[in-house]
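In what follows, a single structure is set out as structure tokens and then discussed.
The values are calculated or read from the model by the stated rules, or taken from the named source; none is laboratory data. Just so you know, these numbers come straight off a predicted model, no measurement behind them. Ideal geometry is used to build each Cβ from the backbone, glycine not excepted, and the neighbour counts take in all protein chains shown. Note: areas computed on protein heavy atoms with side chains; ligands, DNA, RNA excluded. Shrake-Rupley method; radii C 1.70, N 1.55, O 1.52, S 1.80 Å.
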Amino acid sequence: MNKVRRCSSRSITEQPSRYDHLEKMEVSELLQHINEEDCLVAERVKQAIPQIQAFVEAVEPRMQKGGRLFYIGAGTSGRLGVLDASELPPTFGVPSTWVMGIIAGGDQALRHSVEHAEDMAEQGWKDLMAYQPTPQDTVLGIAASGTTPYVVDTLRMARQFGMLTGCITSNPDTPLAQEADYPIETIVGPEFVTGSSRMKSGTAQKMVLNMISTTLMIRMGRVKGNRMVNMKLMNAKLVDRGTRMLQESLGIDYDDALQRLLNAGSVVSALK
């Protein structure tokens, strides 16, 4: 068993909620107070934009040369990384190898908690090595606490290996940030339910991941105007969306646009 790592002071994510006696509140009170806390998240993410920008600008040239981006996390953080990575191929028509999510405990941890997986410090690097990383790749560690051994040690090894490293955390000056070339700190404050970082911290992580991946995909040429012209035609909704894109872009009727889309296989190809 790995030793539990302790911060020198009590982390913000573990501080008591601003609210107490939750079990005595009416439904309307609970919902209102949760929303009040959620409203703080966007502002905290806004304050981190310079950090997010620095990370994206460091990653882009590496990806342009074939480098990959790996998200790595445990629990909620890991699930959010896998979620963001898995949505990029259908949305932007990119290979699933461009951005990949790794979660402590493996794929089974997406649905079920895997006991002590986040405490297995050396396992993260082993999991990453399965993808044969190169110094051209980037690793983004995601951990609200900033102390998760699985994530911290992976970043340490990745940095020693010559990879670019970044992180998303909800506490300042953490061990994780110390191992990151580009730390991103979204200090959202104590959770509504004390210590439940699936709430505000998770929301902040989702927002930042959206910002990073969407900006990178745009910069990699996967968007035209404001449209997902490289999206995969995986269902009737997306075929209809693509058809209407062609209608508007080419000034043709729906049936003609649909036939062009089906013949070309994607909006971007039909526009050539």
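Each row is one residue, and each column tells you yes or no for (1) more than 30 Å from P135 (Cα to Cα); (2) open to solvent by 40 Å² or more (accessible area, probe 1.4 Å).
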{"site": "Y19", "(1), (2)": "yes, yes"}
{"site": "E23", "(1), (2)": "yes, yes"}
{"site": "E26", "(1), (2)": "yes, yes"}
{"site": "N35", "(1), (2)": "yes, yes"}
{"site": "C39", "(1), (2)": "yes, yes"}
{"site": "E43", "(1), (2)": "yes, yes"}
{"site": "I49", "(1), (2)": "no, yes"}
{"site": "A58", "(1), (2)": "no, no"}
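Which numbered condition trips up L216, out of (1) open to solvent by less than 50 Å² (accessible area, probe 1.4 Å); (2) in contact with an Asp or Glu (Cβ under 8 Å, 6 or more places away or on another chain); (3) assigned to a helix (DSSP H, G or I); (4) more than 28 Å from Q64 (Cα to Cα)?
(4)
Within region 234-247, how many residues turn out to be within 12 Å of V267 (Cβ to Cβ) and either open to solvent by 80 Å² or more (accessible area, probe 1.4 Å) or in contact with a Gly (Cβ under 6 Å, 6 or more places away or on another chain) (or both)?
Residues meeting the conditions: 2.
Residues in region 99-126 that are touching a residue at least 60 places away in the same chain (Cβ under 8 Å) and within 30 Å of Q64 (Cα to Cα): how many?
1
Is it the case that region 103-116 has a residue that's over 15 Å from the mean Cα position of the chain (by Cα) and polar (S, T, N, Q)?
yes
Taking the conditions exactly as written (over 21 Å from D173 (Cα atoms), at pLDDT below 95, among the small types (G, A, S) and not in a helix (DSSP H, G or I)), does S9 satisfy them or not?
No; evaluated as a whole, the condition is false for this residue.
Of all residues in region 76-101, which are part of a helix (DSSP H, G or I), open to solvent by less than 30 Å² (accessible area, probe 1.4 Å) and of a type in the set (G, A, S)?
Hits for region 76-101 are S77, G78, G81, A85.
I need every pair where a residue in region 143-162 that is closer than 18 Å to G189 by Cα and of a type in the set (S, T, N, Q) has its Cβ under 9 Å from the Cβ of a residue that is assigned to a helix (DSSP H, G or I) and open to solvent by 20 Å² or more (accessible area, probe 1.4 Å), sequence separation at least 6 or different chains.
S145/E14; T147/P175
Taking region 98-124 as the region of interest, how many residues are among the polar types (S, T, N, Q) and within 24 Å of R156 (Cβ to Cβ)?
1
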